[in-house]
Amino acid sequence: MSSLDERRARFRQYKTDVKERGKPFFPYAMFHDTVMSLVVVCVIVGLACIWRYTDILGSLIGPEADPGTRTFVPRPDWYFYFLFYLLRIFKWPESVILATVGIPTILLIILLALPFVDTRMERRLSRRPVAVVAAILVVISMGVLTYKGATAKEAIASEVKAAIPSWATKQGFQNNKEALAGATLFAESACTNCHTYLGTGSSNLGAPDLSAEGAKGKGIDFQIAHLKCPSCVNSGSPMPSFAALGEQNLRRLATFLEASKGGQ
């Protein structure tokens, strides 16, 4: 008997068993699932309305964001901790796409394909060692990554700060205290989240590389004005204002940028 004949025979047996001992999935079980899904959606909508119009679940809008802060540690929601830590592992700009899209998408495709690839009727765990080991490894990996992401310290600023001595040597401002202080501010203010500098950081929203910013001859005053109000200097700029850093810190940052001549 061919494989197709075996499947047809099993299906006929299934239909016979359903008629004798139970109800078919459609429409009975499907109706129950639909009702339960509707209940879940209603609960979510209800909680959203409570959150929107009352203070029972906390305030809808938190305090206004301060782009000048150097102490805030960003954290995603707990169910994204594993992805958060993957970005720590694949921290180079060229590999970010692998951590955010590549690995999760590959795993999701494998999960969706499993029912079509593995069509064996055997479901006893003792007879399926590969599936059991794979499931255990996935659970352990997700657990470890989630734990690491939840307990991870803010290492981004310290990693960028560790590169400052090499920046100073390459750019030639190792004896310029104002420029060195500005470089520290540059690292602490998470400027490398959007800009790149001598290979450090990532380029987002079209933010330019600042390694040779000082070679453009814009001057300290221009840099300070731009840091205070980027959209005033460059119309449509998505960069936030850093006026909250204060005049002295802005001058240090401007000195650092003007000292950046594109050193090799």
Exercise for review: For the range 105-137, enumerate the residues that are in contact with a helix residue (DSSP H, G or I) (Cβ under 7 Å, 6 or more places away or on another chain) and either of a type in the set (Lys, Arg) or surrounded by 11 or more Cβ atoms within 10 Å (Cβ to Cβ) (or both).
Suggested key: VAL132
**Study point:** Pairs with Cβ under 6 Å, 6+ apart, first in the range 79-92 and in a helix (DSSP H, G or I), second at pLDDT 85 or above and not charged (D, E, K, R)
**Key:** TYR81/THR146; PHE82/MET142; PHE82/LEU145; PHE82/THR146; TYR85/LEU145
Practice item. Please list, ordered by first then second residue, the pairs with beta carbon atoms under 6 Å, 6 or more apart or interchain, first in the range 230-241 and assigned by TED's automatic domain parsing to the domain that holds PRO208 and of a type outside the set (A, V, I, L, M), second assigned to a helix (DSSP H, G or I) and loosely packed, with under 15 Cβ neighbours inside 10 Å. Key: SER237/SER231
Review point. Considering LEU86, LEU108, which residue is out of contact with any Pro (no Cβ under 7 Å at 6 or more places or on another chain) and over 30 Å from GLU188 (Cα atoms)?
Key: LEU108
Practice item. Name every residue in the range 124-149 that is of a type in the set (Lys, Arg) and either touching a Gly at 6+ places or on another chain (Cβ under 8 Å) or more than 15 Å from LEU83 (Cβ to Cβ) (or both), in order of residue number. Key: ARG124, ARG127, ARG128
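Residue by residue, here is whether (1) touching a residue at least 12 places away in the same chain (Cβ under 8 Å); (2) of a type in the set (Lys, Arg); (3) in contact with a Ser or Thr (Cβ under 8 Å, 6 or more places away or on another chain) holds:
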| position | (1), (2), (3) |
| --- | --- |
| ILE97 | no, no, no |
| THR105 | no, no, no |
| ASP118 | yes, no, no |
| VAL133 | no, no, no |
| LYS148 | yes, yes, no |
| THR151 | no, no, no |
**Study point:** the range 213-234, residues that are surrounded by 15 or more Cβ atoms within 10 Å (Cβ to Cβ) and of a type in the set (Gly, Ala, Ser)
**Key:** GLY214, ALA225
Review point. Does any residue of the range 1-17 turn out to be in a helix (DSSP H, G or I), out of contact with any His (no Cβ under 6 Å at 6 or more places or on another chain) and farther than 22 Å from MET121 by Cα?
Key: no
Exercise for review: Determine whether the range 58-66 contains at least one residue that is under 29 Å from the mean Cα position of the chain (by Cα) and surrounded by 10 or more Cβ atoms within 10 Å (Cβ to Cβ).
Suggested key: yes
Revision key, fill the gap. Among residues of the range 168-197 being closer than 16 Å to GLU258 by Cβ and in contact with a Gly (Cβ under 8 Å, 6 or more places away or on another chain), the residue surrounded by the most Cβ atoms within 10 Å (Cβ to Cβ) is GLN171
Exercise for review: Read through the list (1) in a helix (DSSP H, G or I); (2) free of Cβ contacts under 8 Å to residues at least 24 places away in the same chain; (3) more than 28 Å from VAL96 (Cα to Cα), then give the number of the only condition that ALA168 fails.
Suggested key: (3)
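Yes or no, residue by residue, for (1) within 30 Å of ASP77 (Cα to Cα); (2) touching a Cys at 6+ places or on another chain (Cβ under 6 Å); (3) outside any helix (DSSP H, G or I); (4) at pLDDT 80 or above:
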residue	(1), (2), (3), (4)
LEU112	yes, no, no, yes
LEU137	yes, no, no, yes
ILE140	yes, no, no, yes
GLY149	yes, no, no, yes
GLU159	yes, no, no, no
GLU178	no, no, no, yes
ALA183	no, no, no, yes
ALA187	yes, no, no, yes
Review point. Would a scan of the range 22-33 turn up a residue that is surrounded by fewer than 12 Cβ atoms within 10 Å (Cβ to Cβ), charged (D, E, K, R), farther than 30 Å from SER203 by Cα and modelled with pLDDT of 85 or more?
Key: yes
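The values are calculated or read from the model by the stated rules, or taken from the named source; none is laboratory data. These numbers were taken from a predicted model, which means no experiment stands behind them. Here Cβ is always computed from backbone atoms with ideal geometry, including for glycine, and neighbour counts include all displayed protein chains.
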